[in-house]
Amino acid sequence: MNSAPIRLVLVDDHRMFRTGVKSELAEVGSGPSGAGARLEVVGEGADVEQAAAVITEQRPDVVLLDVHLPGGNGHGGADVIAACREVTTPTGGPVRFLALSVSDAAEDVISVIRAGARGYVTKTISPTDLVTAVRRVADGDAVFSPRLAGFVLDAFGAAAGEVAEVDEELDRLSAREREVMRLIARGYQYKEVAKELFISVKTVETHVSSVLRKLQLSSRHELTAWAMHRHLL
């Protein structure tokens, strides 16, 4: 009996690239029985706003996204992940993100992984390896091109001395509170945060109050200093 297909959304600002990837996935990802779950592209996006909308609507299993996208806060793929982090699939599982980018710069890799991506591969990857990577991410694995895995290990290893301190305080905040905290600390106004995260201004106010209380801070100025000290911006 065939397993349910892996529902996929493609996010890249180049239409021809999306068309090419979709064609390759359709050919390689529909292999013979027993080769793995079939891949089904259920939506596409060309910028942060389009991506957030189609992901929220379709609730795919995996989002294959480029790092550099127009729109958002200038953080491309990381902005998409932040906007859609709490979206779940119809079966209740989380939407998982796999970065597929021409960039192999360490800062791009680290930013999108910190945002919540499950993996990062470059556009030089073969179609067969890409299909394998998508299937692994859908199963909950972390997938990286070999050289990029080194960036991640180095980055998180270098911060190991401060992980305990940072986690101890960040763990007091929910995922949504962390998103609000970062935007407020970057200087966003409540209305801008509400628009960015697709929530009401009243909800933003509630989250900010909760963040300040949990971190024992008294103002957004103190919150910005707190976040900068921990390299969270």
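The values are calculated or read from the model by the stated rules, or taken from the named source; none is laboratory data. Model, not experiment: these values are computed from the prediction. In this analysis, Cβ positions are derived from the backbone assuming ideal geometry, glycine residues included, and neighbour counts consider all displayed protein chains. Note: accessible area is taken over every heavy atom of the protein model, side chains too, but ligands, DNA and RNA are not part of it. Shrake-Rupley method; radii C 1.70, N 1.55, O 1.52, S 1.80 Å.
For the reader, a short list of remarks on this structure follows.
- Scanning segment 80-100 for residues that are assigned to a strand (DSSP E or B) and either without any contact (Cβ under 8 Å) to a residue 40 or more places away in the chain or open to solvent by less than 50 Å² (accessible area, probe 1.4 Å) (or both) returns 88, 94, 97, 98, 99, 100.
- Residues that are among the small types (Gly, Ala, Ser) and in a loop (DSSP other than H, G, I, E, B) were ranked within segment 66-79; the one that is least open to solvent (accessible area, probe 1.4 Å) is 76.
- Filter result for residue 62 (touching a residue at least 40 places away in the same chain (Cβ under 8 Å), closer than 24 Å to residue 179 by Cβ and in contact with a Phe, Trp or Tyr (Cβ under 6 Å, 6 or more places away or on another chain)): no
- Residue in segment 58-65 that is open to solvent by 10 Å² or more (accessible area, probe 1.4 Å), part of a helix (DSSP H, G or I), modelled with pLDDT of 90 or more and farther than 30 Å from residue 185 by Cβ present: yes
- Check on residue 103, among the polar types (S, T, N, Q), crowded, with 17+ Cβ neighbours inside 10 Å and outside any loop (DSSP other than H, G, I, E, B): no
- Condition met for residue 131 (modelled with pLDDT of 85 or more, surrounded by 15 or more Cβ atoms within 10 Å (Cβ to Cβ), within 15 Å of the chain's Cα centre (by Cα) and in a helix (DSSP H, G or I)): no
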